Amino acid sequence: MSNFSTIVCPVDFSEHSKVALQRAAAWARHFSARLIVVTVVEPLLVNAAAAAYDTDLVRSEVLPELRDFVDRVSLAGRTTIPPFEAMVLVGQPAAEIVALARREHAQLIVIATHGLTGYRKLLLGSTTEKVLRQTAVPVLLAPPPEQTPPNVDPWGVDVGRVLVPVDFKDGCVTEVRAAASLADAFGVPLLLVHVVAPRKGIERLRPQLETHNRIQIERADEQIQQLVYEVGAPVGIEAAVTVGSPAEEIAQIAVARGVGLIVMGLRRQEHMFGPRPGSIAYRVLGLAPARVLALPPGEEHGEWLQDTSVVETSVGHFR
(Lines give C-alpha, C1' and ligand atoms only; values in the text may rest on other atoms or scores of the structure.)
Protein backbone atom coordinates (compact mmCIF):
# COMPACT_ATOMS: atom_id res chain seq x y z
CA MET A 1 0.00 0.00 0.00
CA SER A 2 1.27 3.47 -0.83
CA ASN A 3 2.03 5.69 2.13
CA PHE A 4 2.02 9.40 1.36
CA SER A 5 2.34 10.74 4.89
CA THR A 6 3.41 14.27 3.88
CA ILE A 7 2.34 16.13 0.72
CA VAL A 8 3.72 19.48 -0.45
CA CYS A 9 1.57 21.65 -2.73
CA PRO A 10 3.16 24.84 -4.18
CA VAL A 11 0.75 27.55 -5.34
CA ASP A 12 1.21 30.92 -7.02
CA PHE A 13 -2.42 32.13 -6.71
CA SER A 14 -3.12 31.34 -10.39
CA GLU A 15 -6.18 29.47 -11.71
CA HIS A 16 -3.93 26.53 -12.55
CA SER A 17 -2.59 26.26 -9.02
CA LYS A 18 -6.19 26.04 -7.76
CA VAL A 19 -6.43 22.73 -9.61
CA ALA A 20 -3.20 21.52 -8.01
CA LEU A 21 -4.54 22.45 -4.57
CA GLN A 22 -7.75 20.52 -5.23
CA ARG A 23 -5.73 17.44 -6.21
CA ALA A 24 -3.40 17.77 -3.23
CA ALA A 25 -6.34 18.10 -0.85
CA ALA A 26 -8.04 15.03 -2.33
CA TRP A 27 -4.89 12.92 -2.02
CA ALA A 28 -4.18 14.21 1.50
CA ARG A 29 -7.70 13.27 2.53
CA HIS A 30 -7.48 9.81 0.91
CA PHE A 31 -4.11 8.96 2.46
CA SER A 32 -4.70 10.84 5.76
CA ALA A 33 -1.56 12.81 4.93
CA ARG A 34 -0.08 15.98 6.34
CA LEU A 35 -0.64 18.76 3.79
CA ILE A 36 1.77 21.68 3.36
CA VAL A 37 0.60 24.52 1.09
CA VAL A 38 3.49 26.78 0.17
CA THR A 39 4.09 29.87 -1.93
CA VAL A 40 7.51 31.21 -2.82
CA VAL A 41 8.30 34.92 -3.06
CA GLU A 42 11.17 35.57 -5.44
CA PRO A 43 14.14 37.59 -4.09
CA LEU A 44 13.70 40.50 -6.52
CA LEU A 45 10.20 41.12 -5.21
CA VAL A 46 11.41 40.92 -1.64
CA ASN A 47 14.30 43.29 -2.35
CA ALA A 48 11.92 45.80 -3.91
CA ALA A 49 9.62 45.60 -0.92
CA ALA A 50 12.53 45.73 1.53
CA ALA A 51 12.95 49.44 0.78
CA ALA A 52 9.84 49.99 2.84
CA TYR A 53 9.45 46.71 4.72
CA ASP A 54 11.77 44.06 6.12
CA THR A 55 11.74 40.47 4.80
CA ASP A 56 9.86 39.04 7.78
CA LEU A 57 7.15 41.64 7.31
CA VAL A 58 6.83 40.65 3.63
CA ARG A 59 6.32 37.04 4.72
CA SER A 60 3.76 38.06 7.33
CA GLU A 61 1.81 39.99 4.70
CA VAL A 62 1.82 37.16 2.17
CA LEU A 63 0.80 34.48 4.68
CA PRO A 64 -2.77 35.77 5.19
CA GLU A 65 -3.11 36.02 1.41
CA LEU A 66 -2.08 32.38 1.11
CA ARG A 67 -4.58 31.24 3.74
CA ASP A 68 -7.29 33.32 2.06
CA PHE A 69 -6.46 31.67 -1.28
CA VAL A 70 -6.94 28.21 0.26
CA ASP A 71 -10.22 29.30 1.84
CA ARG A 72 -11.51 30.70 -1.46
CA VAL A 73 -10.64 27.49 -3.32
CA SER A 74 -12.40 25.47 -0.62
CA LEU A 75 -15.48 27.72 -0.72
CA ALA A 76 -15.69 27.61 -4.52
CA GLY A 77 -15.58 23.82 -4.43
CA ARG A 78 -18.15 23.66 -1.62
CA THR A 79 -15.90 21.29 0.28
CA THR A 80 -13.48 21.41 3.17
CA ILE A 81 -9.75 21.19 2.61
CA PRO A 82 -8.08 18.92 5.18
CA PRO A 83 -6.05 20.61 7.92
CA PHE A 84 -3.01 22.19 6.29
CA GLU A 85 0.15 24.09 7.12
CA ALA A 86 0.69 27.35 5.22
CA MET A 87 4.27 28.41 4.49
CA VAL A 88 5.80 31.42 2.75
CA LEU A 89 9.38 31.01 1.52
CA VAL A 90 11.78 33.43 -0.14
CA GLY A 91 14.05 32.31 -2.97
CA GLN A 92 14.02 30.69 -6.39
CA PRO A 93 10.70 28.80 -6.52
CA ALA A 94 11.85 25.39 -7.81
CA ALA A 95 14.86 25.16 -5.53
CA GLU A 96 12.81 26.21 -2.49
CA ILE A 97 10.03 23.71 -3.29
CA VAL A 98 12.47 20.82 -3.65
CA ALA A 99 14.38 21.83 -0.52
CA LEU A 100 11.14 22.07 1.48
CA ALA A 101 10.09 18.59 0.38
CA ARG A 102 13.47 17.30 1.51
CA ARG A 103 13.39 19.08 4.90
CA GLU A 104 9.86 17.94 5.68
CA HIS A 105 10.48 14.36 4.45
CA ALA A 106 7.61 14.70 1.98
CA GLN A 107 6.72 11.73 -0.18
CA LEU A 108 4.85 13.72 -2.83
CA ILE A 109 4.82 17.14 -4.49
CA VAL A 110 1.57 18.17 -6.20
CA ILE A 111 2.05 21.01 -8.66
CA ALA A 112 0.24 22.58 -11.62
CA THR A 113 1.74 22.06 -15.05
CA HIS A 114 1.64 25.83 -15.55
CA GLY A 115 1.34 28.95 -13.44
CA LEU A 116 1.30 32.70 -13.78
CA THR A 117 3.96 32.66 -16.50
CA GLY A 118 1.43 31.34 -19.02
CA TYR A 119 1.40 28.18 -21.06
CA ARG A 120 0.26 28.77 -24.64
CA LYS A 121 3.73 28.25 -26.11
CA LEU A 122 5.15 26.03 -23.40
CA LEU A 123 4.65 22.34 -22.71
CA LEU A 124 5.44 22.96 -19.05
CA GLY A 125 5.80 26.04 -16.92
CA SER A 126 9.39 26.91 -16.09
CA THR A 127 9.02 26.30 -12.34
CA THR A 128 7.37 22.91 -12.89
CA GLU A 129 10.06 21.85 -15.34
CA LYS A 130 12.80 22.83 -12.89
CA VAL A 131 11.08 20.92 -10.08
CA LEU A 132 11.00 17.83 -12.29
CA ARG A 133 14.72 18.22 -13.01
CA GLN A 134 15.67 18.56 -9.33
CA THR A 135 13.16 16.47 -7.38
CA ALA A 136 14.07 13.41 -5.36
CA VAL A 137 10.42 12.52 -4.66
CA PRO A 138 7.46 11.73 -6.94
CA VAL A 139 5.63 14.70 -8.47
CA LEU A 140 1.91 14.65 -9.27
CA LEU A 141 1.20 17.04 -12.14
CA ALA A 142 -2.23 18.62 -12.35
CA PRO A 143 -3.18 19.57 -15.93
CA PRO A 144 -4.80 22.96 -16.62
CA PRO A 145 -8.56 23.26 -16.06
CA GLU A 146 -9.40 23.29 -19.77
CA GLN A 147 -7.54 19.98 -20.24
CA THR A 148 -9.46 18.24 -17.45
CA PRO A 149 -12.46 16.17 -18.67
CA PRO A 150 -15.80 17.68 -17.53
CA ASN A 151 -16.88 14.43 -15.83
CA VAL A 152 -13.84 14.37 -13.51
CA ASP A 153 -14.39 15.56 -9.95
CA PRO A 154 -11.38 17.79 -9.14
CA TRP A 155 -11.89 17.05 -5.43
CA GLY A 156 -12.04 13.27 -5.90
CA VAL A 157 -9.47 10.52 -6.29
CA ASP A 158 -11.45 8.31 -8.67
CA VAL A 159 -8.79 7.37 -11.20
CA GLY A 160 -10.63 4.63 -13.11
CA ARG A 161 -7.39 2.86 -14.01
CA VAL A 162 -3.71 3.41 -13.32
CA LEU A 163 -1.58 3.21 -16.47
CA VAL A 164 2.15 2.61 -16.48
CA PRO A 165 4.17 2.57 -19.73
CA VAL A 166 6.79 -0.19 -19.79
CA ASP A 167 9.93 -0.31 -21.91
CA PHE A 168 11.67 -3.24 -20.14
CA LYS A 169 14.71 -1.08 -19.38
CA ASP A 170 16.43 -0.45 -16.05
CA GLY A 171 13.97 1.03 -13.57
CA CYS A 172 10.92 -0.47 -15.26
CA VAL A 173 10.22 -2.97 -12.47
CA THR A 174 10.36 -0.20 -9.84
CA GLU A 175 7.94 1.92 -11.84
CA VAL A 176 5.47 -0.96 -12.25
CA ARG A 177 5.64 -1.75 -8.54
CA ALA A 178 4.95 1.90 -7.72
CA ALA A 179 1.98 1.95 -10.11
CA ALA A 180 0.69 -1.36 -8.71
CA SER A 181 0.88 0.01 -5.18
CA LEU A 182 -1.22 3.03 -6.21
CA ALA A 183 -3.74 0.88 -8.10
CA ASP A 184 -4.08 -1.21 -4.95
CA ALA A 185 -4.52 1.92 -2.80
CA PHE A 186 -7.25 3.26 -5.09
CA GLY A 187 -8.86 -0.14 -5.68
CA VAL A 188 -8.60 0.02 -9.48
CA PRO A 189 -7.01 -2.13 -12.22
CA LEU A 190 -3.44 -1.61 -13.37
CA LEU A 191 -2.83 -1.20 -17.11
CA LEU A 192 0.62 -1.95 -18.53
CA VAL A 193 1.30 -0.39 -21.94
CA HIS A 194 4.20 -1.11 -24.29
CA VAL A 195 4.54 0.69 -27.60
CA VAL A 196 6.57 -0.94 -30.37
CA ALA A 197 8.34 1.54 -32.63
CA PRO A 198 7.28 0.61 -36.18
CA ARG A 199 9.93 -0.42 -38.67
CA LYS A 200 9.44 1.52 -41.89
CA GLY A 201 10.84 0.98 -45.35
CA ILE A 202 10.09 0.86 -49.04
CA GLU A 203 6.72 -0.48 -50.21
CA ARG A 204 8.02 -3.75 -51.72
CA LEU A 205 9.35 -4.78 -48.30
CA ARG A 206 6.00 -4.29 -46.54
CA PRO A 207 5.42 -8.05 -45.87
CA GLN A 208 8.82 -8.35 -44.17
CA LEU A 209 8.21 -5.18 -42.16
CA GLU A 210 4.80 -6.39 -41.01
CA THR A 211 6.37 -9.68 -39.97
CA HIS A 212 9.02 -7.80 -38.00
CA ASN A 213 6.38 -5.71 -36.21
CA ARG A 214 4.34 -8.83 -35.39
CA ILE A 215 7.39 -10.55 -33.91
CA GLN A 216 8.13 -7.48 -31.79
CA ILE A 217 4.56 -7.49 -30.46
CA GLU A 218 4.73 -11.19 -29.59
CA ARG A 219 8.06 -10.68 -27.84
CA ALA A 220 6.63 -7.76 -25.87
CA ASP A 221 3.66 -9.92 -24.79
CA GLU A 222 6.11 -12.46 -23.37
CA GLN A 223 8.14 -9.76 -21.62
CA ILE A 224 5.01 -8.32 -20.02
CA GLN A 225 4.03 -11.76 -18.71
CA GLN A 226 7.49 -12.10 -17.19
CA LEU A 227 7.28 -8.59 -15.74
CA VAL A 228 3.92 -9.35 -14.10
CA TYR A 229 5.38 -12.50 -12.56
CA GLU A 230 8.43 -10.59 -11.29
CA VAL A 231 6.40 -7.74 -9.80
CA GLY A 232 3.75 -9.96 -8.23
CA ALA A 233 1.23 -7.12 -8.10
CA PRO A 234 -1.79 -7.64 -5.80
CA VAL A 235 -4.23 -6.10 -8.30
CA GLY A 236 -5.96 -7.06 -11.51
CA ILE A 237 -3.62 -6.36 -14.42
CA GLU A 238 -4.46 -5.52 -18.00
CA ALA A 239 -1.92 -5.13 -20.77
CA ALA A 240 -1.78 -3.36 -24.10
CA VAL A 241 0.89 -3.78 -26.76
CA THR A 242 0.59 -1.52 -29.78
CA VAL A 243 2.65 -0.07 -32.61
CA GLY A 244 3.25 3.63 -33.17
CA SER A 245 4.61 6.78 -31.56
CA PRO A 246 4.92 6.15 -27.78
CA ALA A 247 3.49 9.42 -26.43
CA GLU A 248 0.58 9.53 -28.87
CA GLU A 249 -0.32 5.86 -28.31
CA ILE A 250 -0.12 6.18 -24.52
CA ALA A 251 -2.39 9.23 -24.59
CA GLN A 252 -4.92 7.57 -26.90
CA ILE A 253 -5.05 4.39 -24.80
CA ALA A 254 -5.45 6.47 -21.64
CA VAL A 255 -8.54 8.17 -23.10
CA ALA A 256 -10.01 4.97 -24.56
CA ARG A 257 -9.60 2.98 -21.33
CA GLY A 258 -10.75 5.64 -18.88
CA VAL A 259 -7.35 6.11 -17.26
CA GLY A 260 -7.23 8.80 -14.57
CA LEU A 261 -3.61 8.40 -13.49
CA ILE A 262 -0.47 7.72 -15.54
CA VAL A 263 2.69 6.72 -13.66
CA MET A 264 5.90 7.45 -15.56
CA GLY A 265 9.58 7.38 -14.72
CA LEU A 266 11.63 10.44 -15.59
CA ARG A 267 14.62 9.14 -17.52
CA ARG A 268 17.42 11.67 -17.55
CA GLN A 269 18.68 12.67 -20.98
CA GLU A 270 21.75 14.81 -21.50
CA HIS A 271 21.39 17.86 -23.72
CA MET A 272 23.13 21.19 -24.13
CA PHE A 273 21.50 22.66 -21.01
CA GLY A 274 22.21 19.64 -18.79
CA PRO A 275 20.03 16.68 -17.79
CA ARG A 276 16.30 16.86 -18.36
CA PRO A 277 13.46 14.38 -17.88
CA GLY A 278 12.65 12.04 -20.76
CA SER A 279 10.91 13.61 -23.72
CA ILE A 280 8.22 10.90 -23.88
CA ALA A 281 7.03 11.82 -20.38
CA TYR A 282 6.94 15.48 -21.42
CA ARG A 283 4.87 14.73 -24.52
CA VAL A 284 2.41 12.57 -22.58
CA LEU A 285 1.89 15.52 -20.22
CA GLY A 286 0.84 17.63 -23.17
CA LEU A 287 -1.42 15.04 -24.78
CA ALA A 288 -3.19 13.08 -22.06
CA PRO A 289 -6.01 14.57 -19.95
CA ALA A 290 -5.11 12.24 -17.06
CA ARG A 291 -3.04 13.24 -14.07
CA VAL A 292 0.59 12.18 -14.38
CA LEU A 293 2.70 10.96 -11.48
CA ALA A 294 6.36 11.48 -12.40
CA LEU A 295 8.87 9.27 -10.60
CA PRO A 296 12.42 10.62 -10.28
CA PRO A 297 15.23 8.52 -11.77
CA GLY A 298 17.39 6.34 -9.56
CA GLU A 299 14.78 6.43 -6.80
CA GLU A 300 13.44 3.26 -5.25
CA HIS A 301 10.54 5.19 -3.68
CA GLY A 302 11.06 3.30 -0.46
CA GLU A 303 9.55 5.98 1.78
CA TRP A 304 6.08 5.64 0.31
CA LEU A 305 6.10 2.33 -1.56
CA GLN A 306 5.56 -0.48 0.90
CA ASP A 307 5.86 -4.18 0.07
CA THR A 308 2.59 -5.86 -0.81
CA SER A 309 1.82 -9.55 -0.57
CA VAL A 310 2.21 -11.52 -3.78
CA VAL A 311 -1.06 -12.96 -5.07
CA GLU A 312 -2.09 -14.62 -8.27
CA THR A 313 -2.90 -12.10 -11.00
CA SER A 314 -4.68 -12.37 -14.28
CA VAL A 315 -3.46 -10.47 -17.31
CA GLY A 316 -5.86 -9.31 -20.01
CA HIS A 317 -4.47 -8.23 -23.39
CA PHE A 318 -5.93 -5.96 -26.02
CA ARG A 319 -4.61 -4.21 -29.09
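The values are calculated or read from the model by the stated rules, or taken from the named source; none is laboratory data. Please read these numbers as outputs of a predicted model, since none were measured by experiment. Cβ atoms come from the backbone with ideal geometry, glycine included; neighbour counts cover every protein chain shown. Side chains are part of the model used for accessible areas, which takes the heavy atoms of the whole protein and leaves out ligands, DNA and RNA. Shrake-Rupley method; radii C 1.70, N 1.55, O 1.52, S 1.80 Å.
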Next item on the list: Identify all residues within the stretch 23-58 that are out of contact with any Gly (no Cβ under 8 Å at 6 or more places or on another chain), at pLDDT 90 or above and not in a helix (DSSP H, G or I); write none if there are none.
Entry: SER32, ALA33, ARG34, LEU35, ILE36, VAL37, VAL38, THR39
Margin query: Six or more apart or on different chains, Cβ atoms under 7 Å: show the pairs whose first residue is in the stretch 219-232 and under 16 Å from THR174 (Cα atoms) and whose second is among the hydroxyl-bearing types (Ser, Thr, Tyr) and part of a loop (DSSP other than H, G, I, E, B).
Written below: VAL228/THR313
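Okay, residues lined up against (1) under 23 Å from the mean Cα position of the chain (by Cα); (2) at pLDDT 90 or above; (3) surrounded by 14 or more Cβ atoms within 10 Å (Cβ to Cβ):
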position: SER60; (1), (2), (3): no, no, no
position: LEU63; (1), (2), (3): no, yes, yes
position: ASP68; (1), (2), (3): no, yes, no
position: ASP71; (1), (2), (3): no, yes, no
position: ARG78; (1), (2), (3): no, no, no
position: GLY91; (1), (2), (3): no, no, yes
Note to self: Taking the criterion of being open to solvent by less than 10 Å² (accessible area, probe 1.4 Å), in contact with a strand residue (DSSP E or B) (Cβ under 6 Å, 6 or more places away or on another chain), part of a strand (DSSP E or B) and closer than 27 Å to ARG23 by Cα, would at least one residue in the stretch 254-262 satisfy it?
What the structure shows: yes
Check: Just to be sure, is GLN147 closer than 23 Å to LEU261 by Cβ and at pLDDT 90 or above?
Finding: no
Notebook entry, point to check: Pick from the stretch 1-45 the residues that are among the basic types (Lys, Arg) and within 17 Å of the chain's Cα centre (by Cα): which of them is surrounded by the fewest Cβ atoms within 10 Å (Cβ to Cβ)?
Noted result: LYS18
Notebook entry, point to check: Residues in the stretch 93-101: is at least one closer than 10 Å to VAL40 by Cα, modelled with pLDDT of 90 or more and not in a helix (DSSP H, G or I)?
Noted result: no
